[in-house]
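Below you'll find the structure, written out as structure tokens, and then a few comments.
Each value in this text was obtained by applying a stated rule to the coordinates, not by laboratory testing. As the structure is a prediction and not an experimental result, all values here were calculated from the model. With ideal geometry, Cβ positions are generated from the backbone for all residues, glycine too; neighbour counts draw on all protein chains shown.
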Amino acid sequence: MSASRVVVGLLAGLLSFGADREPSTRPRAADPDSLSVSYSVSGLRVIQRGNRANDLVVVSLYLLGGTRQLAESTAGIEALLLRASANGTEHYPDGQGGRAMARTGSVDLFEPNVDWTMFGFIGLRPEVDSAWSVFADRLMHPTLTADGVRQARDEMRATVRQRYADPDARIQIIANRVTFAAHPYALDAEGTEESLARLNAQDLTEYARTQLVKSRMLLVVVGNIERAQVESLVTATIGRLPPGNYKWTLPPPVPRQKQSNWLIEARALPTNYILGYFTGPAASSDDYVAFKLATGLLSSQLFETIRVEHSLSYAAYSPFLERAVAVGGLYASTPKPELVLPMMYDQIRLLLRERIDRYALHRFTNQYVLEHLAQSGTNLGQADLLARAELYLGDYRLTDKYLLQLRRVSPDDIYKAVDRYMRNIQWAYVGDTVRMAGAW
């Protein structure tokens with residue numbers, strides 16, 4: 001079955017914008033972002049976008065560097081520090097901060113990943129000052145008692161233990177290791193049982209002293225709040241943190257492997273798990289959007305072939321990891337891995353052999369347009385888009401660039417992305433190795 005037929009069949013019911021005509025390829029300039037503004041308060045960089053449609057306010061603080069701030073022995077230290085701060089601060093001892101935050105109706109935000117740790121809250125405009133007080137105190141004055149740290153560490157270790165024991169989650173960790181050997185992305189931002197067990201209150205105190213500095217921070221605020229209020233809150237609290245001398249840069253390129261490699265874990269399981277990663281371009285590259293679309297097309301074909309046509313898996317798709325260095329992949333859980341693996345390779349060959357036509361690509365692209373518009377329709381999504389544009393592209397005003405690039409991707413661009421990046425796949429396998437004899 002051709003790539004074009006698969007895509008058209010899968011997307012027959014997709015709502016599209018002007019899908020009945022050819023898309024225009026004439027370039028246009030990005031519209032200026034008149035809703036957002038960037039400024040500095042006490043040396044802290046702030047990006048703010050107003051939204052008066054409702055009373056929600058999103059406060060997202062990005063602690064930059066991600067796993068580049070870690071070593072194997074300190075993996076998870078930043079996540080542990082922020083989790084432990086919930087158990088007591090100078091002005092909110094013994095976990096009172098959580099109760100104070102709950103009274104405001106606010107929701108904590110916390111997301112550690114390979115490029116940064118995002119920490120903040122979503123709150124209502126009349127309660128922002130109260131929620132901010134708890135948020136800032138956790139950054140500036142965590143008490144980090146032995147009991148508070150031990151409680152947070154035990155909770156994190158239990159989560160990590162469960163994640164490492166579940167084969168569907170574990171294979172992602174294994175694939176990450178084989179793909180990013182000798183690269184910071186190989187480290188786990190949430191730590192391992194071993195690294196977390198070694199960390200204590202003194203380690204966290206020292207990390208907070210040296211790493212919670214303004215030069216490592218980007219504050220993004222979206223919602224119904226005045227700039228003067230944000231400036232006042234920052235000046236009175238986190239604007240007093242040390243300046244530091246951190247400078248954000250994009251992470252180093254991932255070394256290209258000269259051949260495919262396997263990291264195999266033998267287990268007697270009824271279902272076997274296969275996951276292969278291939279590294280793509282940097283988020284700042286002109287290839288990025290074409291690579292993302294090509295990975296999406298591959299995902300559609302894997303599902304159609306492995307799940308629909310042959311019923312060999314309940315989950316067969318191509319994951320896309322949105323990072324400073326993009327990552328795509330191939331995944332399936334199956335009782336017959338020896339049959340599924342060749343099918344995976346066949347779908348890559350199909351994308352190279354039968355180029356998708358422009359009309360089918362246009363229909364497929366609309367799915368990503370819809371996802372982007374849905375994301376930009378929420379305050380939290382807008383904050384994420386602003387941060388990624390600033391950190392990956394160098395300018396928060398380039399949030400519209402992604403949509404422009406989507407519309408310009410051609411079938412030739414898809415072919416080039418597949419040919420350039422979907423090679424030398426780094427594989428992870430958890431399951432029955434006997435079934436795979438001769439198939440590696």
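Every helix of 4 or more DSSP H residues in the chain counts as -39500 (n - 2.57), and over all residues that averages to -12500 deg cm²/dmol at 222 nm. Separation of region 43-79 and region 189-263, taken as the distance between their Cα centroids, equals 7 angstrom. In terms of overall dimensions, the C-alpha atoms belonging to region 55-166 reach 42, 30, 28 Å along their principal axes, ordered largest to smallest.
Highest mean packing comes first when the peptides 357-370, 57-70 are listed by Cβ atoms within 10 Å, giving 57-70, 357-370. Applying 1/(1 + (r/R0)^6) with r as the Cβ-Cβ distance of residue 250 and residue 224 and R0 = 35 angstrom yields a FRET efficiency of 0.60.
Computed over the chain, the Cα gyration tensor eigenvalues convert (square root of 5λ each) into semi-axes of 39, 29, 18 Å, ordered from largest to smallest.
So how many Å³ per residue does the convex hull of the Cα atoms of region 51-119 work out to? Kindly include the intermediate steps, with their values, before the conclusion.
On the way: hull volume 7.1 nm³, N = 69.
That works out to 103 Å³ per residue.
If you bin all the Cα-Cα distances of region 335-440 at 10 Å, starting from zero, the percentages per bin are 12, 28, 27, 24, 9, 0. Sparse packing (at most 12 other Cβ atoms within 10 Å of the Cβ) combined with a DSSP loop state is found for the following GluC sites (Glu not before Pro) in region 220-281: 226.
Using a/c under 1.5 as the rounded threshold, could you call region 252-436 rounded, prolate or oblate? The axes a ≥ b ≥ c are square roots of the C-alpha gyration tensor eigenvalues, and prolate needs a/b larger than b/c, oblate otherwise. Note, shape of region 252-436 comes out prolate.
Taking a ≥ b ≥ c as the square roots of the Cα gyration tensor eigenvalues, with a/c under 1.5 meaning rounded and otherwise prolate when a/b beats b/c, else oblate, which class fits region 37-240?
Working: a/c = 1.82, a/b = 1.54, b/c = 1.18.
Prolate is the answer for region 37-240, as a/c is 1.5 or above and a/b outweighs b/c.
Per-residue packing, averaged as other Cβ atoms within 10 Å, sorts the ranges 303-310, 252-259 into the order 303-310, 252-259, beginning with the highest.
Order of 312-321, 45-54 by packing, highest average Cβ count within 10 Å first?
Numbers: 312-321: 19.2, 45-54: 16.6.
Result, highest mean Cβ count within 10 Å first: 312-321, 45-54.
In this structure, residue 54 and residue 346 have a Cβ-Cβ separation that, at R0 = 41 Å, corresponds to a calculated FRET efficiency of about 0.25.
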